[in-house]
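Quick notes on the structure that follows.
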Amino acid sequence: MTLTATSFDWVRQLVHRESAIVLQPGKEYLVEARLLPMAQQRGLSGVSELVESVRNRPDPAVTRRIVEALTTNETSWFRDGDPFTALTSTVMPQLVAARRPDERLQIWSAACSSGQEAYTIAMLLSDALPNATTRVSITATDLSREMVERTRAGRFSQLEVNRGLPASMLVRHFTRAGNEWEIAPALRRMVTASECNLAAPLPRLGPFDVVYLRNVLIYFDLPTKQGILNRVRQIMRPDGWLFLGAAETTLGVDDNWERVVLGRGSAYRPKKGA
Amino acid sequence: MRALVIDDSRAMRRIVGTILKDFGFEVREAGDGQQALDVLQEGKAESWVPDLCCIDWNMPVMDGLQFVMAVRANPEFRQVTLMMVTTESETGQIVKALAAGAHEYLIKPFTADALRDKLALLGLLPEGVSA
Amino acid sequence: MTLSQTQPITELLDAATVQSICDEVWPSLVGDGEAFVPVPVPPPAELVSAWVDIIGPWTGSVVVTCAPATAEALTESVLMTRPPTVVDDEDVADALGELANVLGGNVKSVLPGESRLGLPQIGPAPARGRLDDVRALVGQWRGNYLTITVQGTAPHPSGTEVPQ
């Protein structure tokens, strides 16, 4: 079944609204090619059926996947570099000073996709802290089982490692495995991946010192955003740090956070007594 | 911003050049390492020094690795950022290029987004373009 | 080292790896949404090839072969030309050669040991060597015949060419 004009139009408007990217008429084949695997995974016969099902039963997770499938082929490693610069320049030094040497620092990459964010953190910290592999543990979660499995595997295609991963880090932390690149075993052991739906009550996780929750909130309505921020705060240390996407904020959503400017970006910390 | 795109394939020069122009670069081209050194020398007369060189590896006359070493040996071009853009993709080759003085390494094939990510890493993305 | 001592390409490179290389090369070099589809179609009467040599523990060529019209369409797609811009023969040789170069470099990187990559060449496909030293993917692009052949070098390079 081919993509109907109505379905294409709906996808086009969605992508424009969420990403400001304009899908020109004539890109129907692209929509078809990128979304067909998603439709088939859900047991639907075609892309128009996928669009119909989301229109009838709105699901932010599916909407997010649609936008992702059409806007980015691959996640960048140092996507919006500021939250990573802040991690090594400010956040980690403070946490290392505040915690006992035998205390594990716990970092959460919520909505980890195929693992680039979690492994970026692992690489940075293994370069910055002499005992990072035993001192830090990184929890990577995603709604999609496929993404969780990809994160666990720690294998990336050539196109994926081309996306914003510094060449010096590629050669230090990855080895070739056929046509793919595999993360070093010591770094893979720092990362534990599991499934997690942020819009539902959270499984037992944490408590976290640092949370990366980037480019997730934009897909949800206000009450859901509030629910997510509230649940995240419950499993964070009182002096922990939250990083959101560049276009996201807690302001006007949840008053229990304090915004801190870090370099060119910002982070959020649980408000005292909240 | 100025860029010199060095590749023996004019299709590849056009692809890389077009993406760089979209980011506001003024682009010159060379078909091999020797031609590229000539462009650099000629540019000096008009104070044209590139901010970035995108360098293919396998080229006739002078290959990309030799070009990197020649540029690094000349203090006049200390400010120029050198990025390999090549289909050579073994770890050993990447290490060799970095050791010779290349700052970054982009593996062919690549997308426009991948080139943009590298520019962002190198601090060569003009303001107003989001990383 | 003689050719008989090296492993044939069929032992070193499987079809799935070549396809996975194509899956990366087509959308990024040929164009967004483009694909090499490994479903054979009948070959056209006239063929043109571009290739690069790999020289190392395994020595041979990575060859892209298609009809001249397909090569021209590939070039237009790689260069993103729009009518009335037309591509000339030099453009076609260059673009098909670069396609062979990018495929060749990626094939080289999955082969064991250190190898060197030659510069792209265009013309009638080079002679094949041992019959078991060939990994060929026969398929299509936009419905047109196209093959990617990774083939060992003929033992006597000066010998007569084997018709493809």
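Every number here is computed from the coordinates shown, using simple stated rules; none is lab data. Note that the structure is a prediction, hence the values are computed from the model and not measured. So basically every Cβ, Gly included, is an ideal-geometry build from the backbone, and we count neighbours across all protein chains shown.
Would you order A:Val171, A:Val211 from fewest to most other beta-carbon atoms within 10 Å of each residue's own beta-carbon?
On the way: A:Val171 19, A:Val211 26.
The order, fewest Cβ neighbours first, is A:Val171, A:Val211.
Suppose R0 equals 25 Å. What FRET efficiency, 1/(1 + (r/R0)^6) with r the Cβ-Cβ distance, do A:Lys271 and A:Thr249 give to the nearest 0.05?
Working: r = 15 Å, r/R0 = 0.58.
Computed FRET efficiency for A:Lys271 and A:Thr249: 0.95.
Can you pull the three principal axis extents for the Cα set of the stretch A:5-71, in Å, largest first?
Largest first, the stretch A:5-71 extends 28, 23, 19 Å along its Cα principal axes.
How tilted is helix A:60-71 with respect to the longest principal axis of chain A? Cα atoms for both, answer in degrees (0 to 90, nearest 10).
80 degrees
So what are the radius of gyration and Dmax for the Cα set of the stretch C:77-161, in Å?
15.3, 47
Starting from the 7 Å offset along Cα-to-Cβ, what nm value, one decimal, do you get for the label separation of A:Asp102 and A:Val260?
2.7 nm
Rank the residues A:Lys271, A:Lys27 as a footprinting-exposure proxy: fewest other Cβ atoms within 10 Å of their Cβ go first.
The most exposed by this proxy come first: A:Lys271, A:Lys27.
Mind giving me the nanometre distance, one decimal, between the label points for A:Leu222 and B:Lys21, set 7 Å out from Cα along Cα→Cβ?
4.8 nm
To the nearest 500 deg cm²/dmol, what mean residue ellipticity at 222 nm is calculated for chain C from DSSP H runs of n ≥ 4 alone, each contributing -39,500 (n - 2.57), summed and divided by the residues?
Helix contribution divided over all residues of chain C: -9500 deg cm²/dmol.
Of the beta bridges DSSP finds with both residues in the protein assembly as shown, what % are antiparallel, to the nearest 5? Write down the numbers at each step before the final one.
On the way: 43 of 79 bridges.
Of those bridges, close to 55 percent are antiparallel.
Taking the beta-carbon count within 10 Å as an exposure proxy, list A:Ser194, C:Ser20, A:Ser48 from fewest neighbours to most.
Listed from fewest to most nearby Cβ atoms, that is A:Ser194, C:Ser20, A:Ser48.
Can you list which of the DSSP-assigned H helices in chain C have a Cα extent of 18 Å or more along the long axis and an average Kyte-Doolittle score of at least 0.0? Don't jump to the answer; show the numbers that get you there.
Working: long enough: C:89-110 (32 Å, 0.15).
Length and hydropathy pass: C:89-110.
Could you give me the radius of gyration and the Dmax of the protein assembly as shown, taking only the C-alpha atoms into account and expressing both in angstrom?
25.3, 86
If R0 is 41 Å, what FRET efficiency do you get for C:Ala35 and B:Asp51 from their C-beta distance, rounded to 0.05?
On the way: r = 36 Å, r/R0 = 0.88.
Given R0 = 41 Å and the Cβ-Cβ separation, E is 0.70.
For A:149-162, what's the mean count of beta carbons from other chains sitting within 10 Å of each residue's beta carbon? All intermediate terms of the calculation are to be shown ahead of the outcome.
On the way: counts 0, 0, 0, 0, 0, 0, 0, 0, 3, 13, 11, 2, 3, 15.
Across the residues of A:149-162, the mean count of other-chain Cβ atoms within 10 Å is 3.
Using the alpha-carbon atoms, what tilt in degrees (0 to 90, nearest 10) does helix A:5-19 show relative to the longest principal axis of chain A?
20 degrees
Relative to the first principal axis of the alpha-carbon coordinates of chain A, what is the inclination of helix A:28-41, with its axis defined by its Cα atoms, in degrees from 0 to 90 and to the nearest 10?
It works out to around 70 degrees.
To the nearest whole number, what is the average tally of beta carbon atoms from other chains within 10 Å of the beta carbons of peptide B:112-124?
5
If chain C were replaced by its equivalent ellipsoid, with semi-axes equal to the square roots of 5 times the Cα gyration tensor eigenvalues, what would those be, largest first, whole Å?
Largest first, chain C gives 26, 17, 15 Å.
Hey, rough spin-label estimate for A:Thr4 and A:Gln24, points 7 angstrom out along Cα→Cβ, what's it come to in nanometres?
In this crude label model, A:Thr4 to A:Gln24 measures out at 2.7 nm.
Projected area of the stretch B:2-121, taken from the Cα convex hull and averaged over every viewing direction, in nm²?
Numbers: hull surface 26.8 nm².
Result: 6.7 nm².
For the stretch A:82-270, what log10 I(q)/I(0) values come out of the Debye formula at q = 0.11, 0.18, 0.19 1/Å, with one point per alpha carbon and no solvent?
-0.47, -1.28, -1.41
I'd like the trypsin sites (Lys or Arg not before Pro) in the stretch A:93-154 restricted to DSSP loop residues with at most 14 other Cβ atoms within 10 Å, sorted by number.
The qualifying sites are A:Arg104.
Taking amide H positions as placed 1.01 Å from N in the peptide plane, with prolines and chain starts having none, which residues 5 or more places from B:Arg2, or on another chain, fall under 5 Å of its amide H?
For B:Arg2, whose amide H was placed from the backbone, the distant partners under 5 Å are B:Glu26, B:Asp51, B:Leu52.
Per-residue mean of other chain beta-carbon atoms within 10 angstrom of the beta-carbon, peptide B:11-23?
Taking all residues of B:11-23 together, the mean is 3.
Suppose we take every Cα in the stretch A:59-124 and form the convex hull; what volume per residue is that in Å³?
In the stretch A:59-124, the Cα hull volume divided by residue count equals 106 Å³.
How many angstrom lie between the Cα centre of the stretch B:82-122 and the Cα centre of the stretch A:252-274?
Each part reduced to its Cα centre gives a spacing of 37 Å.
Only helical DSSP H runs with n ≥ 4 go in: add -39500 (n - 2.57) per run for chain A, normalise by residue count and round the 222 nm mean residue ellipticity to 500 deg cm²/dmol.
-12000 deg cm²/dmol
What is the stretch A:5-71's relative contact order, in percent, from Cα pairs under 8 angstrom and six or more apart in sequence? Write down the numbers at each step before the final one.
Numbers: 42 pairs, mean separation 26.0, N = 67.
Over the stretch A:5-71, the number comes to 39 percent.
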